[in-house]
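Participant: One structure, pasted below without further comment.
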Amino acid sequence: MALPAHISSGVSAAPSRTPVYALVGNPNCGKSTLFNALTGLKQKVGNYPGVTVEKKIGTAYSQHGQPITVIDLPGAYSLAARSPDEAVTRDVLLGRRADTPQPDRILCIVDATNLERNLYLVHQILDLGRPVILVLNMMDVAAAAGLDVRAGRLERELGIPVIPCEAVNGKGLIELKLAMSRADLPLSRHAWDIPAPIAPAVAELQASLTANDRKPPLIARAEALLLLTDQDSVRVAGSTPLSARTTEILQGWQKRWEGEGTDWAGTLVNSRYDVIGRIAAEAVTRAGHTGPTASDKIDAVATHPIWGWMILGAVMTLLFLSIFTLAEYPMGFIEDGIASLSDWVKKDSGLPDGDLRDLITDGAIAGVGGVIVFLPQILILFFFIGLLESTGYMARAAFIMDRLMSRVGLNGKSFIPLLSSYACAIPGIMATRTIEDQKDRLVTILVAPLMSCSARLPVYLLMIAALVPGDRVPVATKVGVMILMYALGTFGAFGFAWLFKRTLLKGAPPVMIMELPPYRLPGLKDVALHMLERAWIFLRRAGTVILGISIVLWFLAAYPKAPEGATPQQQLAQSFAGRAGHALEPAIAPLGFDWQIGIGLISSFAAREVFVSTMGVVFNAESKDDDTTPLRQALLATKWPDGRPLFTPLVCFTLMIFYVFAMQCVSTVAIVRRETNSWRWPLFQIAYQTGTAWILSFIVYQAGRALGF
Amino acid sequence: MSPEIQTVAALVVVALAAGWLVRRAFAPRKNPGCGGECGCPTGKLKR
């Protein structure tokens, strides 16, 4: 078969448009770190597999200042995709995605400490006949492990540029950009002899894919190899079903081989590994001792069945202790600042008493300020999460938790989605794309919103402040309550996963295969960037959605106007918001909640933290004092009509239980609808979560009352 | 500013906020995910 001119000449033609590079590699080999270094973007990175589940596109600049498009693809071990995120990588490389330009060139990044395993994907990519640059990342870690990886030798064996690199500290980037800037990037001269029994089938399938499925010749060859490597041709074909003729040829060969007892897939895979093993042996030598590494020694304790749990518990305690102690002062400053701003508008701005002034103070400032006050805690939470991710400890936490997760039937790959859900359920649900088994994926989607997301944090903190006010109790109690809430969400998720795996979504027990990355010193720059990004997201959300909702809530709490002489309490009670709260009250009264809390429950379906801003609007609207009272104190002063305090410790605790389980997030509902392609599952999720929240809150409140709380 | 003008101004602000929230809720999104509010992956980053 005639090859394109640029291939027969051995060099690639320079693309006439902006060159498009695809960045591919195994999970957790540093793709996103390199992508960020090349493009200057701030894509999330982490020292564990599965951080990227969708493609990202950015622009880098060549040494000559020319723009280069770089597509960061999810990690994959091979082109035989077994999960939705791997399918994204395969489809972009094979030019199947209409929304993504087919890459002209490919940047293959490999982990130098684990070259042999990483080269399998590289070897498959060389089949695509595109110019490839191999980036040997983590050369420092390889050297520390006593590995001598010879880039020159690899370059000779594979016939492509090989660039040693340390993406995390920017070493090798100039050499890489120089290579990327070359107009005449060489094509691989690496020759791979397809095993004789399989070669005729590859040729016949390639011809058919070219003629009948309109694939370019080299893509057709790569697809033919994939079809023969994976038993499931429908999975390989993905969104581009095979033509009848190609299917007929494939089935014909498979039938013939089955008759002969030939393991065609195994033969192909083994043949590749034979070549890769030889190349790796030539390129890598291990110097010095081969005993346990520092990571192995740490893991002996950190993943120990008993010590591992104790360390995990200590880490969680330290995290929440920091949230309560370190954040106390900045939180006080913000609270004072918000109160001063509100007082200034009331007294010194020159704006007389009226609706606009009320809207600014009781709506915008009270609503947004009530949420912004929790910014220091959010920053501390994400700083710690960033540190744990960056060092590689999160993968160990996954390993420890897997012992429990596998008992309830959760897939080992569920850990990263569930972990991501502590920040927000939406990236967690998207991260389930790494799970191959559809039932396991659905179970994870259904339970992910039970993990306590950062939007719940302001609710928990406000309730803990009301539950255990001031210095009356040690900070350990607050930490204990907070850990209890996180544990309830986590074990609740495990409990429901167990139930779903035995009823709705029965399936075989999952097998855990997880790679533990080596421990690394935390990339403080990445951690700081991640933390600041989260802070920006939090503030932007407060300044847009929460501000908008607070303004509308103010209107709903201020209109229709009560007759002249009505108290603020009477005004709120007969307002639109008050009427909605009263309508809900019969359903929530058994939980100890009144109609004012009901307003918060209704509004926080938009987002959980809106509950806090709602309380700010509601209780500021009720108070007509000239001096602004911090929300925490305003809650403590609120009473039932008969004079009993509304926010008793029992009610605060019950409210926290409600928020642990309730599905109070419209964005999560939308993303579950998109990921499951059906309304059935999000509606089921709303029903089971809210039902559980109500039942457990009822039990806690009624039991608490019976016990005299 | 008289109370009447304040009321009109406040209602205009409320109407704008409500309109923006409704538009935002129903507008088709080019990118998947939450629109970047929670830091979840979006299909395409800004260049």
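Readers should treat all values here as calculations from the given coordinates under stated rules, not as data from a laboratory. Please read these numbers as outputs of a predicted model, since none were measured by experiment. Here Cβ is always computed from backbone atoms with ideal geometry, including for glycine, and neighbour counts include all displayed protein chains.
Participant: Report the local net charge at A:VAL443: Lys and Arg +1, Asp and Glu -1, summed over other residues whose C-beta lies under 12 Å from its C-beta.
Facilitator: Computed value for this residue: +4.
Participant: Once fully extended, how much extra length lies between A:LYS561 and A:ARG673, figured as 0.36 nm per residue of separation less the alpha-carbon to alpha-carbon distance?
Facilitator: Difference between extended and current length: 36.4 nm.
Participant: A further question on this structure: Could you list which residues have their amide H under 5 Å from that of A:VAL70, counting only those 5 or more apart in sequence or on another chain, with H placed in the peptide plane?
Facilitator: A:TYR21, A:GLY58, A:THR59, A:ALA60
Participant: I'd like to know which of A:ASN28, A:LEU38, A:GLY65 lies farthest towards the positive end of the charge dipole of region A:5-181, counting +1 on Cβ of Lys and Arg and -1 on Cβ of Asp and Glu.
Facilitator: A:GLY65
Participant: Under 8 Å for C-alpha pairs, at least 6 residues apart: give me the relative contact order for region A:5-181, rounded to a whole percent. Please list the in-between numbers first.
Facilitator: Working: 336 pairs, mean separation 39.8, N = 177.
Worked out over region A:5-181, it gives 22 percent.
Participant: Strictly under 4.7 angstrom between C-beta atoms: which cysteines of chain A have no such partner?
Facilitator: A:CYS29, A:CYS108, A:CYS165, A:CYS453, A:CYS652, A:CYS665
Participant: Then there's this: Just to confirm the filter: which trypsin sites (Lys or Arg not before Pro) across region A:505-609 are DSSP coil and have at most 15 other Cβ within 10 angstrom of their Cβ?
Facilitator: Passing sites in region A:505-609 are A:LYS506, A:ARG520, A:LYS561.
Participant: Around A:ILE163, which amide H atoms from residues at least 5 apart in sequence, or from another chain, sit under 5 Å from its own amide H, with H modelled in the peptide plane?
Facilitator: For A:ILE163, whose amide H was placed from the backbone, the distant partners under 5 Å are A:LEU134, A:VAL135, A:LEU136.
Participant: Still on this structure, I have one more. When the Cα centres of region A:173-196 and region B:3-28 are compared, how far apart do they sit, in Å?
Facilitator: Using only Cα atoms, the two centres lie 58 Å from each other.
Participant: For region A:262-339, what is the charge dipole size about the Cα centre, in debye to the nearest 20, if Lys and Arg each add +1 at the Cβ and Asp and Glu each add -1 at the Cβ?
Facilitator: Dipole about the Cα centre, nearest 20: 440 debye.
Participant: With unit charges on the beta carbons (Lys and Arg positive, Asp and Glu negative) and the dipole taken about the Cα centre of the protein assembly as shown, which residue among A:ILE671, A:LEU250, A:VAL315 sits farthest to the positive side?
Facilitator: A:LEU250
Participant: Ok, one more. If you average the alpha carbon positions of region A:597-618 and of region A:310-328, how far apart do those two centres end up, in angstrom?
Facilitator: The distance from the Cα centre of region A:597-618 to that of region A:310-328 comes to 27 Å.
Participant: Show log10 I(q)/I(0) for chain A at q = 0.06, 0.10 Å⁻¹, two decimals, from a solvent-free Debye sum over equal Cα scatterers.
Facilitator: For the requested q values the scattering log ratios are -0.43, -1.01.
Participant: Quick one: net charge around A:VAL612, please, counting Lys, Arg +1 and Asp, Glu -1 for every other residue with C-beta under 11 Å from its C-beta.
Facilitator: Cβ neighbours under 11 Å give a net charge of +2.
Participant: Provide the packing ranking of A:319-328, A:126-135, A:632-641, i.e. peptides ordered by the mean count of other C-beta atoms within 10 Å per residue, highest first.
Facilitator: With the highest mean Cβ count within 10 Å placed first, the list reads A:126-135, A:319-328, A:632-641.
Participant: Got the relative contact order for chain A handy, in percent, Cα pairs under 8 Å and 6 or more residues apart?
Facilitator: So the answer I get is 12 percent.
Participant: Still on this model: Taking the Cα centroid of region A:478-507 and of region A:335-351, what is the distance between the two, rounded to the nearest whole Å?
Facilitator: 44
Participant: Taking the convex hull of the Cα atoms, report for region A:199-286 its projected area averaged over all directions, in nm². Walk me through the numbers on the way to the answer.
Facilitator: Values: hull surface 27.9 nm².
Averaged projected area of region A:199-286's Cα convex hull equals 7.0 nm².
Participant: Using 27 Å as the Cα-Cα cut-off, could you pick out the over-long pairs in A:LYS346/A:LYS561; A:LYS478/A:LYS639; A:LYS56/A:LYS413; A:LYS56/A:LYS506; A:LYS171/A:LYS215; A:LYS177/A:LYS297?
Facilitator: Pairs exceeding 27 Å: A:LYS56/A:LYS506; A:LYS171/A:LYS215; A:LYS177/A:LYS297.
Participant: To continue, here is another question. If amide hydrogens are placed 1.01 Å from N in the peptide plane, which non-local residues have theirs closer than 5 Å to the one on A:LEU147?
Facilitator: Close amide H contacts, sequence-distant or interchain: A:ALA287.
Participant: Nearest 5 is fine: what % of DSSP beta bridges in chain A come out antiparallel, could you say?
Facilitator: In chain A, DSSP labels about 40 percent of beta bridges as antiparallel.
Participant: Based on alpha-carbon positions alone, could you give the equivalent ellipsoid semi-axes of region A:376-451 from the gyration tensor, as √(5λ), descending, whole Å?
Facilitator: Each semi-axis is the square root of five times an eigenvalue, giving 22, 15, 10 Å.
Participant: From the phi angles alone, apply the Karplus equation (6.51, -1.76, 1.60; θ = phi - 60°) to region A:538-545 and give each ³J(HN,Hα) in whole Hz, x where the residue is Gly or Pro.
Facilitator: My calculation for region A:538-545 gives 4, 5, 5, 5, 5, x, 10, 5 Hz in order.
Participant: Obtain the nm distance between the two label points defined at A:PHE333 and A:ARG407 by a simple spin-label model: each point lies 7 Å from its Cα along the Cα-to-C-beta direction.
Facilitator: 4.6
Participant: Given Cβ point charges of +1 (Lys, Arg) and -1 (Asp, Glu) and nothing else, what value in debye, to the nearest 20, does the dipole of the protein assembly as shown about its Cα centre take?
Facilitator: Roughly 1060 debye for the protein assembly as shown.
Participant: Another one. Find which of A:HIS304, A:LEU591, A:LEU462 sits farthest along the positive direction of the dipole of chain A, computed with +1 on the beta-carbon of Lys and Arg, -1 on that of Asp and Glu, about the Cα centre.
Facilitator: A:HIS304
Participant: Taking θ = phi - 60°, what integer Hz values does the Karplus form 6.51 cos²θ - 1.76 cosθ + 1.60 yield along region A:675-687, in sequence order, with x for Gly and Pro?
Facilitator: 6, 9, 6, 6, 8, 4, 6, x, 5, 4, 5, 4, 5
Participant: Let me ask something else. Please state the charge dipole magnitude for region A:5-181, taken about the Cα centre, from unit charges on C-beta atoms (+1 on K and R, -1 on D and E), reported in debye and rounded to the nearest 20.
Facilitator: Working: 18 positive and 16 negative charges, 64 e Å.
With only Lys, Arg, Asp and Glu charged at Cβ, the dipole is about 300 debye.
Participant: Right, next: Counting only DSSP beta bridges with both residues in region A:108-180, what percent are antiparallel, rounded to the nearest 5?
Facilitator: The answer is about 10 percent antiparallel.
Participant: For region A:297-313, just list the computed ³J(HN,Hα) in residue order, Karplus coefficients 6.51, -1.76 and 1.60, θ = phi - 60°, integers in Hz, with x standing in for Gly and Pro.
Facilitator: Per residue, the Karplus-derived 3J(HN,Hα) values read 5, 5, 5, 4, 9, 5, 10, 5, x, 9, 4, x, 5, 5, 5, 4, x Hz.
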